[in-house]
Amino acid sequence: MKKILSAVLLALLCGSGTSFASDKTDEGCNTKQFSLGYEGVFAGDVLQGLSSRYWFNENLGGELNLFYGRVGVDFDYSDTNADLFLAELKMLYAPIVKENSRFYVGLEGGIGSIGGDTIPDDVDITVYTISPLIGTEFRFAEIPDVCFNWEVGYKFHRVNVDTEEGDVDVNIDGTFVTLGAHYYF
């Protein structure tokens, strides 16, 4: 049900963004402006966090995302919690730039850690991610400082668990859909 709801929401966002986009190029489409906003992964792993996006020129941009997640597990005999902190950096290239929209391709990489109240101090859990992606950023002409974005990509996760007994590597790969909103200053 979550996947169907995410797909419908994505289709609505894509359709609304293209219906307001124009064919002529705008030289100032939030170029060289910092932004702060929200970025959330809805299909795939569910993560939500803070985001900052910056376009160096009309076609090249970058984005920094900081995610924090907490998972609680209740057993009959005890409860446990785990915290995930993940920082990701994206490099974006927009081959198509219109007045109120951009279509872009990108590469995202990230590093993070997992900790918790039942994880021993001598255990180190590190998360690495890399992902090729495509996406679009669009804005409504009436509110040009707020931009919305969606992305689809294939994320490669590697979880490395270092213990005194040895290392364990876990690979988790899959498709993801990301939605976001940024305010440009």
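Summary of values
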item: Cubic angstrom per residue, convex hull over Cα atoms of the range 31-184; result: 119
item: Rounded to the nearest 10 Å², the accessible area of K32 at probe 1.4 Å; result: 140
item: Calculated Rg and Dmax of the range 100-156 using C-alpha coordinates, Å; result: 17.7, 54
item: Heavy-atom accessible surface of the range 42-185: percent carbon and sulfur, 1.4 Å; result: 62
item: In sequence order, calculated HN-Hα J values of the range 151-167 (Karplus, 6.51, -1.76, 1.60; Hz; x Gly/Pro); result: 9, 10, x, 10, 9, 9, 9, 10, 10, 10, 10, 9, 10, 5, 6, x, 9
item: For N100, distant residues with modelled amide H under 5 Å away; result: S22
item: For the range 138-183, fraction of C-alpha pairs farther apart than 11 Å, in %; result: 74
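The values are calculated or read from the model by the stated rules, or taken from the named source; none is laboratory data. None of these values were measured; they are calculated from a predicted model. Note: accessible area is taken over every heavy atom of the protein model, side chains too, but ligands, DNA and RNA are not part of it. Shrake-Rupley method; radii C 1.70, N 1.55, O 1.52, S 1.80 Å.
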